[in-house]
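For reference, the structure is listed below as structure tokens.
The values are calculated or read from the model by the stated rules, or taken from the named source; none is laboratory data. In this text the structure is predicted, and so the values were computed from the model without any measurement. Here Cβ is always computed from backbone atoms with ideal geometry, including for glycine, and neighbour counts include all displayed protein chains.
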């Protein structure tokens, strides 16, 4: 296409594209806009190196003119302007997440990279936001999907935008290092099963938490506590697996202040839990408080209840009140439905780790964003096609969010760029998309949705930090009505066209196949 | 975990992990092993830089011993040994795609990266192989999913392993440049709609294909041909969109030898097709043969039939026989079901572009690979857990593919590393997984499945090229029976354990929670 534009003398024509989606993901009423930070990084660095151009020359027809390759070598985004929704903003079908204008050849080349950088980022942020809505504001949500992502960079994108969408932390350390996502981890079954129980730690001594007083041999104290715990629970002292216990001791020696136990490598009730309690109580003697346990198989809700009961009776038995409330973390293929069960009233689950169903979005693994030409040389362009669904909205546009006096969302309005913005408190007539009739409304507040981020290649203002965008997302979502937030069959948020935009669409549609564009120019 | 192992003095213990999956993806009977080339590249480069270690220090407890960080700084994979299935090999549940052995701390750290590099690669290669089975060997399959991938590197993985799995080419130019995947592209609707018809190409003259004879003004010749085509088709000459026609002219000027038309920007029958024919016939005058058309909306099978009919009558009318058989390419959310329809007998579709449903694997967007400890210090390890499904197969193992005399697959056999390999022609007794009884068989051929690729950090032999692995995949799949290749409810390929391995599993299971590992050592 680049060669076609260049050969037609159109490389420098001014063009405008919009990036949007046609249907909300997961059957919901919204998506969260995300990926802008990656787009801006990409635009800043966009250049074809000599080796890139050489490769292109090797796959293009051999008689391609050398001047075209010289043009490619000189390309950059210094002529590109980008308006975009803020990251974390709820966005509805047809509203542009990005508006990209500049020389036709360059902005066309940007199609695939921008779609690639926005689509999945927005999809996974939306998925995270839905999971956050289900979990409620208090439970801790941990993203742990790197191993299920499309390679390491897919994983980095997933971790970054899951956090933006409302997760608390990620097990992906690189996302912490490069993107500032809080990292949190745990131990795996392999850590537990790697111990047989015969191992001797080179330094088994642990100093008290305060630093005052003599260190104790942790493994020895654990054996003492194991007897007491088994007696309390009515278990034989040989039942809990010694390898699992030694693994817990090793973990406690490494992390005495944040000790946690993975309970289900052998048997939760007869091994994992008593071993955890023995180690936690031995640590307690030294003034350390264990942080919690994790369950990774079976009926997680039911087991969490049983584990909590044992924690409570044990805390009472040995008079260590903090033990009652250590956190119970769960994981194992948790999806929206299972999360709703785990987050139900009375659940004892505190922390929920989600990997596969967060990162791969199995309910709908692509958002279906498109990048469509809306104007060239200042003239509107429209793809008609026979699928009404795939028709585009022509012309250079602006977008506003119209709010009621209580701050709740009325609708998003798309209008032509040359129209004056709607006025707060002033009645206006709009055409809701898909409706046959217009309607009037009087917004109490009007917010412009599209912000200028890059003008002629220059960044206009710094992006908010990831944590700021995350907070903005939570705040913006709170302005949707409860009915918009239903996860199944929600009320849809309306998007409407201004009268002028509606008239332009009607005119282009009616003209159909007749010399559409010339007439527009006149 | 690394800190835990290190603190317990176990960083250098020899450990062995296996990477495998528990269920075939997409309800099929096989997966294709893939991702090994990325794993080997990763292992060769694996190092923690100072900045990495500094970041780790910032998120670990502040009193973590400095010697641990010194250990991390010195880490590499020089002690790691890898056995693996060849890329492109069909693989069944429980058979290791990778066996990784080396110092416990390092091989544990490799868990997530290796899972990340193998899981999605194998999933998308399998998806591609299934789509190839449906399409048959002759139709051309084009991967075009970059925009739906998890960021640019997700896209690179997708393009690479879609090719390995049986696709012919990719629209991802970087996959061509970095991985040698054949690239193929097309034009987008925006290219078409960016033209109004009033544009004047700076150089409208096109020389004949042979280079002999005077150049012609292509746009003028196209207008002449348009009249003839419209008369033949019974259309008004003003009906085909002039902007679309000018776009085709621009594309033809850029690519006279590989001209193709995207037909559905306005209306296939009344605009796209007559415009394409006018340009193709004008090119024909100059000795160029157009390569084909693309359809991207509506009923693709039906439209392909109609387009072929028009190509045929037009070819006959103007006596240009090659026009009959130009290729018809289709795209637009094609999944397995739609592909089967498009590939049915009598279909006129030649080229099929698949993006979303190839790259995102919506039927099952993750393979669910796991990486499990099977031995430490030469002693077998087994995760018991209460989900029988999640129990592991203990011990250092080898694997063989047993074949009948006609080369068809009998079963894959897992046995302990110390056992002698099965002999061709010799009867042996095995335990099919999940069966309650053993069985005997007499394989005509025995092939070792796991090959040594990396020994103590050194690559033992170069990997096959991507194209070689692709050919190997097609050849290996041809040894499965037709019933194994059914896409729905196929016959499953058996995996069996040797008698010794079965006995070890039974012993560890029976011992259950009783001091498993010590007794094994004795």
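Taking the conditions (1) in contact with a strand residue (DSSP E or B) (Cβ under 9 Å, 6 or more places away or on another chain); (2) away from every other protein chain (no Cβ under 14 Å); (3) surrounded by fewer than 19 Cβ atoms within 10 Å (Cβ to Cβ) in turn, residue A:291 satisfies each one other than (2).
Check whether at least one residue in region A:128-140 is within 9 Å of chain B (Cβ to nearest Cβ) and touching a helix residue (DSSP H, G or I) at 6+ places or on another chain (Cβ under 9 Å), and report yes or no. No, region A:128-140 has no match at all.
For region B:346-379, a residue qualifies if it is facing chain A (nearest Cβ under 10 Å) and part of a strand (DSSP E or B), and the qualifying residues are B:370, B:371, B:372, B:373, B:374, B:375, B:376, B:379.
For every residue, the table says whether it meets (1) modelled with pLDDT of 95 or more; (2) farther than 20 Å from residue B:96 by Cβ; (3) within 13 Å of another protein chain (Cβ to nearest Cβ); (4) surrounded by fewer than 23 Cβ atoms within 10 Å (Cβ to Cβ).
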| residue | (1), (2), (3), (4) |
| --- | --- |
| B:15 | yes, no, yes, no |
| B:19 | yes, no, yes, no |
| B:33 | yes, no, no, no |
| B:36 | yes, no, no, no |
| B:42 | yes, no, yes, yes |
| B:52 | yes, yes, yes, yes |
| B:63 | no, yes, yes, yes |
| B:67 | yes, yes, yes, yes |
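Taken over region A:437-462, the criterion of being in contact (Cβ under 8 Å) with a residue 24 or more places away in the chain, surrounded by fewer than 16 Cβ atoms within 10 Å (Cβ to Cβ) and assigned to a loop (DSSP other than H, G, I, E, B) is satisfied by A:438, A:444, A:456.
Looking only at region A:241-251, decide whether some residue is more than 10 Å from chain B (Cβ to nearest Cβ), surrounded by 15 or more Cβ atoms within 10 Å (Cβ to Cβ) and either within 42 Å of the chain's Cα centre (by Cα) or at pLDDT 95 or above (or both). Among the residues of region A:241-251, at least one is more than 10 Å from chain B (Cβ to nearest Cβ), surrounded by 15 or more Cβ atoms within 10 Å (Cβ to Cβ) and either within 42 Å of the chain's Cα centre (by Cα) or at pLDDT 95 or above (or both), which makes the answer yes.
If a residue must be touching a strand residue (DSSP E or B) at 6+ places or on another chain (Cβ under 7 Å) and surrounded by fewer than 18 Cβ atoms within 10 Å (Cβ to Cβ), how many such residues does region A:481-507 contain? Going through region A:481-507 one residue at a time, the tally reaches 2. Residues considered: A:208, A:202. Of these, the only one that is assigned to a loop (DSSP other than H, G, I, E, B) and either crowded, with 24+ Cβ neighbours inside 10 Å or modelled with pLDDT under 95 (or both) is A:202.
One residue is enough: does region A:128-149 have a residue meeting the conditions crowded, with 24+ Cβ neighbours inside 10 Å, at pLDDT below 95 and more than 23 Å from residue B:59 (Cα to Cα)? Yes, some residue in region A:128-149 is crowded, with 24+ Cβ neighbours inside 10 Å, at pLDDT below 95 and more than 23 Å from residue B:59 (Cα to Cα).
Kindly indicate whether residue A:305 is more than 26 Å from residue A:143 (Cβ to Cβ), out of contact with any helix residue (DSSP H, G or I) (no Cβ under 9 Å at 6 or more places or on another chain) and surrounded by fewer than 24 Cβ atoms within 10 Å (Cβ to Cβ). Judged against the criteria, residue A:305 is not a match.
Condition check: closer than 22 Å to residue A:229 by Cα, touching a residue at least 12 places away in the same chain (Cβ under 8 Å) and within 14 Å of chain B (Cβ to nearest Cβ). Does residue A:279 satisfy that?
yes
In the set (1) under 30 Å from residue A:337 (Cα atoms); (2) surrounded by 14 or more Cβ atoms within 10 Å (Cβ to Cβ); (3) modelled with pLDDT of 95 or more, the condition left unmet by residue A:409 is number (3).
Scan region A:252-268 residue by residue and report those that are more than 28 Å from residue A:210 (Cβ to Cβ) and within 8 Å of chain B (Cβ to nearest Cβ). Within region A:252-268, A:264, A:265, A:266, A:267, A:268 qualify. For residue B:100, the test of being assigned to a strand (DSSP E or B), closer than 23 Å to residue B:157 by Cα and within 14 Å of another protein chain (Cβ to nearest Cβ) is passed. Among the residues of region A:174-191, the ones that are buried (at least 19 other Cβ atoms within 10 Å of the Cβ) and either within 8 Å of another protein chain (Cβ to nearest Cβ) or in a loop (DSSP other than H, G, I, E, B) (or both) come to 10 in all. For region A:144-173, the tally of residues that are within 24 Å of residue B:122 (Cβ to Cβ), assigned to a loop (DSSP other than H, G, I, E, B) and more than 7 Å from chain B (Cβ to nearest Cβ) stands at 4.
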